[in-house]
Amino acid sequence: SIALLGVQLVLSQRLQLVLDQTPLEAGLSLVPLSAAAFIVGPIAGRYLQRVGSTRAIVLSLPLTGAGTFLSAYSMDAPLPVQFIGFVLIGAGIGIGMTAASSAIMSNALPERAGMAASIEEVSYELGGTLGVALMGSAMSVAYTAAMILPADLDRLPITVRDSLDEALLVAETLPEDKAAQLVSIGKAAF
């Protein structure tokens, strides 16, 4: 959950702020990830008795990793190429989450099933919250470190180094050539 929500945070911001997609377009671009998890999860559940939860989880990790690797190294490729990476991530997550959930619930005593389910749900929610906080912080630190302005843009407000959102807002107040330069530097830093 930490990785999933953290990566979705970064991807959605990249799609909107760097690739200039609308929120709807960015959401639609991420549909393959969720759709793959939605489709593969029940299929994994059907074969879980034969394969076992441990093997399924172990299988899901390289699948998710391959999708993440492909997505990371195809960032400049057309979106259909990136979709393949998103589908692999979603498929890996669908398998892993199904297997993990099955392992949690099948190992709980029947009278403690409600408790096990609530702990499982809280762990997903906590993981998602931590993912957004940790990945958001890491993204902010990396952006600030990479945001190096040339001397002719050095007198801009310090907020342009805080986030790409801020740099884009400041760029709207600049002359066209300076705005284009700031937007280009900000997008590259992101």
For a label point 7 Å from the Cα of A179 along Cα→C-beta, name the residues of the stretch 132-159 whose backbone N is under 17 Å from it.
-> 153, 156-157
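When the accessible area of the chain is split by element with a 1.4 Å probe, what percent falls to carbon and sulfur?
Roughly 68 percent, rounded to a whole number.
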So the angle from the long Cα axis of helix 113-146 to the longest Cα principal axis of the chain, reported in degrees to the nearest 10, equals 20
Could you give the size of the charge dipole of the chain about its Cα centre, using +1 on the Cβ of each K and R and -1 on the Cβ of each D and E, expressed in debye and rounded to the nearest 20?
-> 860
Once phi is turned into ³J(HN,Hα) by the Karplus curve 6.51 cos²θ - 1.76 cosθ + 1.60 with θ = phi - 60°, what whole-Hz value does each residue of the stretch 176-185 show in order, with x for glycine and proline?
-> 3, 5, 5, 4, 4, 5, 5, 4, 4, 5
Signed unit charges on C-beta, dipole axis of the chain, positive-most listed residue P175, I95, T64 = I95
For M135, M115, M75, give the ranking by accessible area with the largest first, probe 1.4 Å.
-> M115, M135, M75
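Just to confirm, what accessible area per residue do you get for the stretch 1-159 at 1.4 Å probe, in whole Å²?
Values: 9360 Å² over 159 residues.
With all protein chains present, the stretch 1-159 gives 59 Å² per residue.
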Please identify, among A113, A66, A133, the residue showing maximal mean-square fluctuation in a Gaussian network model of the chain using a 10 angstrom Cα cutoff.
-> A113
Of 150-160, 19-29, 1-11, ordering from highest average Cβ density within 10 Å down gives 1-11, 19-29, 150-160
Measure nothing but the geometry: give the 0 to 90° angle between the long axis through the Cα atoms of 53-73 and the longest principal axis through the Cα atoms of the chain, rounded to 10°.
-> 20
What is the helix-to-structure angle for 79-106, meaning the angle in degrees between its Cα long axis and the longest Cα principal axis of the chain, kept from 0 to 90 and rounded to the nearest 10?
-> 40
Accessible-area order (highest first, 1.4 angstrom probe) of the listed residues E166, E111, E120 | E111, E166, E120
Which residues qualify? For Q21, with a placed amide H closer than 5 Å and at least 5 residues away or on another chain, they are Q16
Which of [x] 27; [y] 41; [z] 23 is the computed percent of Cα pairs over 27 Å apart? It is [y]
Out of S74, Y47, G127 - ranked by how far each Cα lies towards the positive end of the dipole of the chain, with unit charges on the beta-carbon of charged residues - the top one is Y47
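The values are calculated or read from the model by the stated rules, or taken from the named source; none is laboratory data. No experiment lies behind these values; they were computed from the predicted model shown. Glycine also receives a Cβ, built like all others from the backbone with ideal geometry; neighbour counts cover every protein chain displayed. Protein only, heavy atoms only, side chains kept; ligands, DNA and RNA dropped before computing areas. Shrake-Rupley method; radii C 1.70, N 1.55, O 1.52, S 1.80 Å.
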